[in-house]
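The values are calculated or read from the model by the stated rules, or taken from the named source; none is laboratory data. Model, not experiment: these values are computed from the prediction. Positions of Cβ are backbone-derived with ideal geometry, glycine not excepted, and every protein chain shown enters the neighbour counts. Ligands, DNA and RNA are excluded from the accessible area calculation, which covers all protein heavy atoms including side chains. Shrake-Rupley method; radii C 1.70, N 1.55, O 1.52, S 1.80 Å.
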Amino acid sequence: MKIAAAQLTCAPADIPANVRTMVGQAARARALGAELIVFPELALTGYELEAIGKNPDLLTRHDDPRLDALRTSGIATVVNGAAPTDGPRPAIETFVYGPGGELITTYRKQHLFEHEREVFAAGRDGRFTYGGLRFALATCYDNHFVALTSRCAADGCDVHLASSLYGTGDGVRERASVYPGIARSAGLYVVLANHVGAAGLWTGCGGAALWAPDGRTLAEADARTPMVVIADVGGASSV
């Protein structure tokens, strides 16, 4: 299976604009043979915590009509945004849609990073099977917890999908060490989607990438350009 990892510069607190960007990237990935694409953390809104905390219109459910164009893009999509919960705080939630727009599963970020704890509620594990492969989901800081990534391998997963935001500075080092480390220690293919350019208070460092279970880099984006990278077992390409 060919899988695409996206990196993009989000329009702050503008769901329709960000959906248009993601639809374009999904179409590009599909044209090049990808069957699934992964988008970064809070790609629907941008990493705009203050705006999310104040504006309930920035929360999305899995059936939100603003996501229709993305759901019907003809490729499986892994989409992260802020979603309402049964409690007073929203979650950082991932929706996984099949190529026909059907909801396959959801995942809520479990390990909230610093200031996120003031806005969001923590969540739960998520798994799904697609194209004969079993997938695990995690969001950014989740990937720093060995117990979580070890569960993925113990649950029989083949591929670990990470929607993240890593910034310039220390984020460059963390991105380059955490994800190939997961691949080697858990024996999984690892897919990282990241922001590039302005992302709330951060500057995304790009470098969306895919790694083989031995930690080899299969495909990797640059640090400047919104783009997708695509990898398959035994081969890779960038676009």
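A Förster radius of 25 Å combined with the Cβ-Cβ distance from PHE145 to LEU201 puts the calculated FRET efficiency at roughly 0.60. Summarising the label geometry, the points placed 7 Å from Cα in the beta-carbon direction at ARG124 and GLU50 lie 3.4 nm from one another.
Using a ≥ b ≥ c from the Cα gyration tensor of the stretch 98-166 (square roots of the eigenvalues), is it rounded, prolate or oblate, where a/c under 1.5 gives rounded and otherwise the larger of a/b and b/c decides, a/b for prolate? Verdict is oblate for the stretch 98-166.
Under the membrane-span-like helix rule (DSSP H runs whose alpha carbons stretch at least 15 Å along the helix axis, mean Kyte-Doolittle hydropathy 0.0 or higher), the chain yields 15-31. Available extension along the chain between ASP222 and SER177 is 14.6 nm, counting 0.36 nm per residue and deducting the alpha carbon span. Considering only ASN55, ASN143, ASN80, the mean-square fluctuation computed in a Gaussian network model of the chain, springs between alpha carbons under 10 angstrom, is largest for ASN55. Accessible area per residue (1.4 Å probe, heavy atoms of protein chains only) ranks TRP202, TRP211 as TRP202, TRP211, with the largest value leading. For the chain, a crude dipole built from +1 on the beta carbon of Lys and Arg and -1 on the beta carbon of Asp and Glu, taken about the Cα centre, is about 320 debye to the nearest 20.
For the chain, modelled as a Gaussian network with Cα springs under 10 Å, which listed residue fluctuates most, ALA209, ALA91, ALA176? Of ALA209, ALA91, ALA176, the most mobile in the Gaussian network model is ALA176.
Accessible surface for TYR189 stands near 70 Å², nearest 10, in the context of the full protein assembly shown (1.4 Å probe). The listed residues ASP57, ASP232, ASP155, once ranked by accessible area (1.4 Å probe) with the largest placed first, stand as ASP57, ASP155, ASP232. Label point 7 Å out from ASP57 along Cα-to-Cβ: which residues of the stretch 12-28 have amide N under 11 Å? Label zone hits: 14-16.
About its Cα centre, the dipole of the stretch 160-236 is roughly 60 debye, where the only charges are +1 on Lys and Arg Cβ and -1 on Asp and Glu Cβ. Accessible surface area normalised per residue over the stretch 51-179 is 42 Å², counting heavy atoms of protein chains with a 1.4 Å rolling probe. Of all the options ARG89, ARG175, ARG71, the one that moves most in a Gaussian network model of the chain with Cα springs shorter than 10 angstrom is ARG89.
Assuming charge only on the beta carbon of Lys and Arg (+1) and of Asp and Glu (-1), the dipole of the stretch 1-140 about its Cα centre is about 440 debye to the nearest 20.
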